[in-house]
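Please read the structure below before turning to the comments.
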Amino acid sequence: MAAPALNKKKTSKSQKAPPKKKQKHELFTPKDGEFNETSEHSDSEKEEIVGQEGSEGDEPGYDSGSAEFSSDGDNPFTDDFLQGSDDEDEAEGSASDSGSDSDEYHNIEKKSRAIDEEMEKRKKEAEEEIKLNMQEESDEFRLPSKEELEEEALRPPDLPNLQRRIKEIVRVLSNFKSLRHEGSTRKDYIEQLKKDICSYYGYNEFLMGALVELFPVVELMELIEAFEKPRPICLRTNTLKTRRRDLADVLINRGVNLDPLSKWSKVGLVVYDSQVPIGATPEYMAGFYMLQSASSFLPVMALAPQEKERIVDMAAAPGGKTTYIAALMKNTGILFANEMKVPRLKSLTANLHRMGVSNTVVCNYDGKELPKVLGLNTVDRVLLDAPCSGTGVISKDESVKVSKSAEDIQKCVHLQKQLILAAIDMADANSKSGGYIVYSTCSIMVAENESVIDYALKKRDVKLVPCGLDFGRPGFIKFREQRFHPSLEKARRFYPHVHNMDGFFVAKLKKMSNSKSTAKPSEPLEWEEEAAVPGNEKEAEDAKPAKEKESAKPAKNEKLSNGIKENGKEASESKKRKKRTFLSKQEISKLREDKRRALRENRKKKAGSNKTENGE
């Protein structure tokens, strides 16, 4: 019966042993008192176990070696040593685990870095390859041959190819010496560029040719791109009824996102977006503001109307500039708003009533006949926003791209010259505060702008004065073979790609005297230089002063028909001036030869007479 009991004891002790080791391991950090108590208790238990195992060692089935092993295992020193080795193994295991984790983390980090570096390297290589390919393509760019152009004409337009070719031609023309292809001239590149732009953007050949003459190719592309985008929506505050700050607060509360237009305008607002129709708000119906483009502010600002003046707006509809003038005049004085087209009178009168204007007289006359109606030299200031080709507002009316031709431009120029002479005749040079004429167009063509002003400078005693606008490009004083008066630098040009407004031209004239004589002989005359150029004899004759062309000055009570241009000629009812005729080059050469022969004969006769006298 002793063996089973011993087995039970052994099994019980063997079952209890692991918890003791665990307990000893767990009690590694506790207090010293607790550690001593547990160690004494375990030592006493071990002594009992050793005694029991010693008594059991004499029984069969247990040899001395096993007893010694068990006794060694039960020895506290060996137990401590063994337990220490277990702790060290666990520590080593945990250290190895942590080391493996850190190694794994470092490996992942290295791999990710390597992947990132490889991706960056590939990107750089791809970019370099793209640049290289583009450079190769650009360097090898050649104009298409006639066969390729004929094939393109048979197919629908390839817009991506056209766009690429336009960019390449612009790039070549910007550095023509180094990038041009041998055998191709600048004219070839420009002709191909005009054709491609006409195909891509929808312009006709005439208008594109005019734009190419006006701008360098890089700026030309900026202008054309600006024409494809709409201009910002602008409002003009009606200072007769409200202030800009109050109007802005009200519109912001209605969900309109807006800002002041610019530093040069105290009444303008630019609208970015709106939750309500900006042209149908209660404030609009009440006349607190006017929908008006930013470029339409400029002529009125240049005119600078004063209170209690007599002012004429020769082309007033739909009333944006007229109401602005009335607001600056504070409803004092008299403002004549003329409009030739009857259907447009409705919008003009409606806007005048809505904006609360009460000093304006609306009339329906041809602008050329206004001096007959209002009288000569009777008003202080005149605003002529002349009818024009509209080449500056293509973003509003894209039909201008294909509808305008050289004949249309010439018709506009002829009408504009007649209107500006009528405007000058109405202004009073002796006015205390006025005597100013502002000429403006929504065109960027030189023929409609600088040419018309130069014509007025030659035909009337006026001079150009600063417009009072701090921005804008100066007008041309020379364009291709044309030469204009140097004072045209005081005129101002505005472009959509530069000033983010419609293309516009503004010039301000000051009337020096009420007579129709032109510039003084002491001033430098441009026509004298132009007369030396063959083919300009006609222009030189038209540009000569009136004293040389007319026998007498027009009287004050002379009828208006004396000063009105009819078919480009000045005609009076009593006398008609005969134009001076010029000889052709062949006739001039013949006359010179005849003179030379006559001189030679005279010299021979003189030489013969001298010989005879000496012989005698």
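The values are calculated or read from the model by the stated rules, or taken from the named source; none is laboratory data. Values in this document were obtained by computation on a predicted structure and should not be read as measured data. As a convention, Cβ positions derive from the backbone with ideal geometry for all residues, glycine included, and neighbour counts pool all protein chains shown. Heavy atoms of the whole protein, side chains included, go into the accessibility calculation; ligands, DNA and RNA do not. Shrake-Rupley method; radii C 1.70, N 1.55, O 1.52, S 1.80 Å.
Quick one: plug the Kirkwood hydrodynamic radius of the stretch 209-308 (C-alpha pairs) into Stokes-Einstein at 10 °C, 1.306 mPa s, and report D in µm²/s.
Details: Rh = 15.5 Å.
In µm²/s, the coefficient rounds to 102.
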Next on the checklist: Could you give each residue of the stretch 458-464 its phi-based ³J(HN,Hα) in whole Hz, using Karplus coefficients 6.51, -1.76, 1.60 with θ = phi - 60°, and x for Gly or Pro?
Outcome noted: 7, 8, 9, 7, 10, 9, 7
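If packing is taken as the average count of other Cβ atoms within 10 Å, what order do 304-317, 437-450, 482-495, 113-126 fall into, highest mean first? Walk me through the intermediate numbers first.
Numbers: 304-317: 21.4, 437-450: 24.8, 482-495: 19.6, 113-126: 10.0.
Packing order, densest peptide first, comes out as 437-450, 304-317, 482-495, 113-126.
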Next on the checklist: Rounded to whole Å, give me the distance from the Cα center of the stretch 238-255 to that of the stretch 440-517.
Outcome noted: 35 Å
Next on the checklist: For a 31 Å ceiling on Cα separation, which of these pairs sit above it: LYS195/LYS478; LYS321/LYS404; LYS308/LYS404?
Outcome noted: LYS308/LYS404
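Within the set LYS411/LYS490; LYS194/LYS229; LYS194/LYS490; LYS396/LYS516; LYS194/LYS368, which residue pairs have Cα atoms separated by over 30 Å?
Values: LYS411/LYS490 26 Å; LYS194/LYS229 20 Å; LYS194/LYS490 32 Å; LYS396/LYS516 39 Å; LYS194/LYS368 38 Å.
Among LYS411/LYS490; LYS194/LYS229; LYS194/LYS490; LYS396/LYS516; LYS194/LYS368, the Cα-Cα distance tops 30 Å for LYS194/LYS490; LYS396/LYS516; LYS194/LYS368.
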Checklist entry - Taking the alpha-carbon centroid of each part, what is the distance from the stretch 256-280 to the stretch 189-231 in angstrom? => result 31 Å
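Could you list the trypsin sites (Lys or Arg not before Pro) in the stretch 445-481 that lie in coil according to DSSP, counting only those with at most 13 other Cβ atoms within 10 Å of their Cβ? Write down the numbers at each step before the final one.
Working: sites: LYS458, LYS459, ARG460, LYS463, LYS478, ARG480; in loops: ARG460, ARG480.
Answer in residue order: ARG480.
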Checklist outcome for this item: Ranking LEU291, LEU457 from most to least accessible area with a 1.4 Å probe gives LEU291, LEU457
Checklist entry - Can you give the accessible area of LEU223, probe radius 1.4 Å, in Å² rounded to 10? => result 0 Å²
